[in-house]
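First up is the structure itself, then whatever we jot down about it.
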Amino acid sequence: ILKIIPDQPICWKILGIIYLTSGRFNKALYANQRALELEPNVPDIYNNLAITFYNLGRYDEAIQCSKKALKIDMKFVQAYGNLADSLKAIKKYDDAILYLKKAIKLDPNKVKTHASLADLFQKIGKLDDALNTYENAIKLNSNYYPAYINIAKILNDLGRFSDAIDIYNKVIKIKPDFAISYYNLANVQKKINN
């Protein structure tokens with residue numbers, strides 16, 4: 001289509017998404033930049049460009065693109081999440097937390113946003129906040145096993161081995177083919193037996 005009609009922004013946008021999802025980030029960058037030239041005020045294109053820059057390790061440019069997307073559409077939840085990911089990559093954790101909280105306020109039912117915020121709390125050592133936020137993710141999806149895994153890790157680190165064992169057993173019921181759960185469960189049981 002682009003050979004016939006080279007100035008179709010929707011085609012460049014879709015091509016950018018295809019390149020992005022297939023891991024061809026330099027081609028995605030070109031396609032997204034071309035789409036943006038043709039349609040400069042579309043938040044989706046800025047967001048796709050932010051994801052592309054993030055995957056290329058160009059975090060400052062990713063941050064700028066996410067902020068431009070949000071300037072156009074302040075309710076663009078995915079852009080808040082992408083902005084937080086880029087901020088985490090450059091260790092601006094407090095800013096990342098702020099944007100994740102904004103995303104949750106806009107869409108409180110998105111499990112992965114709660115989990116991402118909990119991951120950040122865990123990373124900076126706010127373990128009570130992390131546990132509470134993982135619990136929020138589980139309330140939204142009781143089968144969201146990554147949250148259980150992280151809860152068990154925190155409980156293990158806090159020396160709450162029996163609680164950690166209970167959580168690992170829940171993970172095994174939810175996802176019996178997840179090998180790391182068995183390994184971690186064995187390690188916690190070994191600590192109790194020593």
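Key figures for this structure:
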{"quantity": "All positions within the range 122-152 that are hydroxyl-bearing (Ser, Thr, Tyr) and open to solvent by less than 50 Å² (accessible area, probe 1.4 Å)", "calculated": "THR133, TYR134, TYR144, TYR148"}
{"quantity": "Test for LEU49: is it in contact with a Ser or Thr (Cβ under 6 Å, 6 or more places away or on another chain) and either open to solvent by 50 Å² or more (accessible area, probe 1.4 Å) or aliphatic (A, V, I, L, M) (or both)", "calculated": "no"}
{"quantity": "Selected residue (criterion: surrounded by the most Cβ atoms within 10 Å (Cβ to Cβ)) from residues of the range 174-194 that are of a type in the set (Lys, Arg) and at pLDDT below 90", "calculated": "LYS191"}
{"quantity": "Members of the range 121-143 found to be in a loop (DSSP other than H, G, I, E, B) and without any contact (Cβ under 8 Å) to a residue 24 or more places away in the chain, listed by number", "calculated": "GLY125, LYS126, SER142"}
{"quantity": "Flag for VAL171 being under 30 Å from ILE104 (Cα atoms), crowded, with 18+ Cβ neighbours inside 10 Å and of a type in the set (Val, Ile, Thr)", "calculated": "yes"}
{"quantity": "Selected residue (only one of ALA130, ALA103, ALA137 is modelled with pLDDT of 95 or more and within 12 Å of the chain's Cα centre (by Cα))", "calculated": "ALA103"}
{"quantity": "The range 1-40 - residue that is at pLDDT below 90, open to solvent by 70 Å² or more (accessible area, probe 1.4 Å) and of a type in the set (A, V, I, L, M) and, of those, nearest to THR52 (Cα to Cα)", "calculated": "ILE14"}
{"quantity": "First in the range 81-93 and closer than 18 Å to LYS105 by Cβ, second anywhere and open to solvent by 20 Å² or more (accessible area, probe 1.4 Å) and aliphatic (A, V, I, L, M), Cβ under 7 Å, 6 or more apart", "calculated": "ASN82/ILE51"}
{"quantity": "When residues of the range 149-182 are limited to those that are β-branched (Val, Ile, Thr) and more than 16 Å from GLY125 (Cα to Cα), the one farthest from the chain's Cα centre (by Cα)", "calculated": "ILE165"}
{"quantity": "ASP119 surrounded by fewer than 16 Cβ atoms within 10 Å (Cβ to Cβ) and under 22 Å from ILE154 (Cα atoms)", "calculated": "no"}
{"quantity": "Residue satisfying condition, being surrounded by 16 or more Cβ atoms within 10 Å (Cβ to Cβ) and touching a helix residue (DSSP H, G or I) at 6+ places or on another chain (Cβ under 9 Å), within set LEU106, LEU100", "calculated": "LEU100"}
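The values are calculated or read from the model by the stated rules, or taken from the named source; none is laboratory data. Model, not experiment: these values are computed from the prediction. Glycine also receives a Cβ, built like all others from the backbone with ideal geometry; neighbour counts cover every protein chain displayed. Surface areas here come from the heavy atoms of the whole protein model, side chains and all, with no ligands, DNA or RNA. Shrake-Rupley method; radii C 1.70, N 1.55, O 1.52, S 1.80 Å.
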